[in-house]
Structures are given as structure tokens and as C-alpha cells.
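Student: I have a structure I would like to understand better, so I am pasting it below and will then ask my questions one at a time.
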Amino acid sequence: MHILKTGITYNPANSLHVLYLTSRQAELLQQDPTVRSIKRYVEPMLSFQNQEIFPHDARFRWTGDHFGPLVVPAKGMNLEITPANLPLYRRIIEVYENHTLAVQDGDIWIDGRKSDRYTFRMDYFFVMGDNRHNSADSRYWGFVPEDHLLGKAVMVWFSVDPEAKFVEGFRKERIFKIVK
């Protein structure tokens, strides 16, 4: 099993190496005689709100590992909007779909009308990075509206091993391969 050095961090305070592994990778690594022990760690739900995590609201104590549940809006979807779920959809309604929104005495007002439902005009996407624990993605900045998408990946045109020397690091088996 090959583990990239760039995927390992070291905490000198407690002499621990941190690796992001699948369960299968952890099993294989545990068989290595030089490995003393492996302890699984999943970021716990928080007793406080993490300001970095979407929707940036104290009612949501989500983390990068424990995120959601949430409904990803689709064009034509009619969703109940409440003060409890408004932080998830407020930016969509105000910024991406250009409506005025106010909350008064627990009631939601959209374009000057009291509203408890909203019908979305666009499709939205929840985007997750390919390096889950080292990605800025929808867990941090929220939904991506369809009109912000610029294209679709169809082919890997260049790929290198980040730990190899430049020429030796070319991943010839991946270059010009179609993305599935």
C-alpha cells in the first residue's frame, strides 16, 4: 500500500502521525510490523458552532466529518422555509435569486409578503472536494448555483505524483484518460 507523504501530518505535542485512510487501508497498515497501533478518530459533533462550517449559524453544530442532513434545492422545488432552516437557504433566496428577505416576530417575509414556502428558480449543487480533509468545498461555503458552473470535467490531461521528481512523477496511465 502506498501512502503519500503529503497525506500525513505529524503532531509533535503527542508524537502522533495523522493519516486520512479508508477502513481497508487502516487494516492493511495495521499488518505492517513497524506500526505500533492505529486509532480511528472521527471529528465529533461539537457543543459549539464552528464558524468555518456552512451555514455559519449557531444552531448548526456541524463539522467536516459530521455534516447535515440538508436538502439540496432543485429548480421548481417548493420547500417549507422556517426560521430553523432559513440559514441554509437565505443566501440562495437573497443573493442568487435576488429577493428581499426579512424575519419579523418569527415570520419570514420574501419581497414584502409573509412566506412559509419558497420555490427555487435554479438547480443548486453540493460540491465536495476530492481531498476530503483538505478541501474547501460546500461544507464551508454552501450551495453552488447552476449558473456558477463553468464546465464539466471530461478528461485528465495532466497528472503527476506530488512526491516524485518532475519527469519521473508523470502518471502516464492517467494522462488523457476520460473521466468516468
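Student: Can you tell me how many residues in the range 140-153 are assigned to a helix (DSSP H, G or I) and either more than 30 Å from D57 (Cα to Cα) or not charged (D, E, K, R) (or both)?
Tutor: Matching residues across the range 140-153 total 3.
Student: Among the residues of the range 45-76, what is the count of those that are farther than 17 Å from Y140 by Cα, open to solvent by 60 Å² or more (accessible area, probe 1.4 Å) and either part of a helix (DSSP H, G or I) or touching an Asp or Glu at 6+ places or on another chain (Cβ under 9 Å) (or both)?
Tutor: 1
Student: I would also like to ask the following. Residues in the range 121-132: is at least one touching a residue at least 12 places away in the same chain (Cβ under 8 Å) and acidic (D, E)?
Tutor: Yes, there is a match, as at least one residue in the range 121-132 is touching a residue at least 12 places away in the same chain (Cβ under 8 Å) and acidic (D, E).
Student: Hey, another quick one. If you scan the range 1-34, which residues turn out to be at pLDDT below 80, open to solvent by less than 60 Å² (accessible area, probe 1.4 Å) and assigned to a helix (DSSP H, G or I)?
Tutor: G7
Student: In the range 89-131, how many residues are open to solvent by 30 Å² or more (accessible area, probe 1.4 Å), within 19 Å of the chain's Cα centre (by Cα) and either within 30 Å of T22 (Cβ to Cβ) or not acidic (D, E) (or both)?
Tutor: Total satisfying the criteria: 8.
Student: Ok, one more. Give all pairs with beta carbons closer than 6 Å in which a residue from the range 154-178 that is in a loop (DSSP other than H, G, I, E, B) meets a residue that is exposed (fewer than 10 other Cβ atoms within 10 Å of the Cβ); count only pairs at least 6 apart in sequence or on separate chains.
Tutor: Pairs found: V154/V179; E163/K5.
The values are calculated or read from the model by the stated rules, or taken from the named source; none is laboratory data. Bear in mind the structure is a predicted one, so any value in this text is a computation, not a measurement. Note that we place each Cβ from the backbone using ideal geometry, even for glycine, and neighbour counts take in every protein chain shown. Just so you know, the surface numbers come from the protein's heavy atoms only, side chains and all, with ligands and any DNA or RNA stripped out. Shrake-Rupley method; radii C 1.70, N 1.55, O 1.52, S 1.80 Å.
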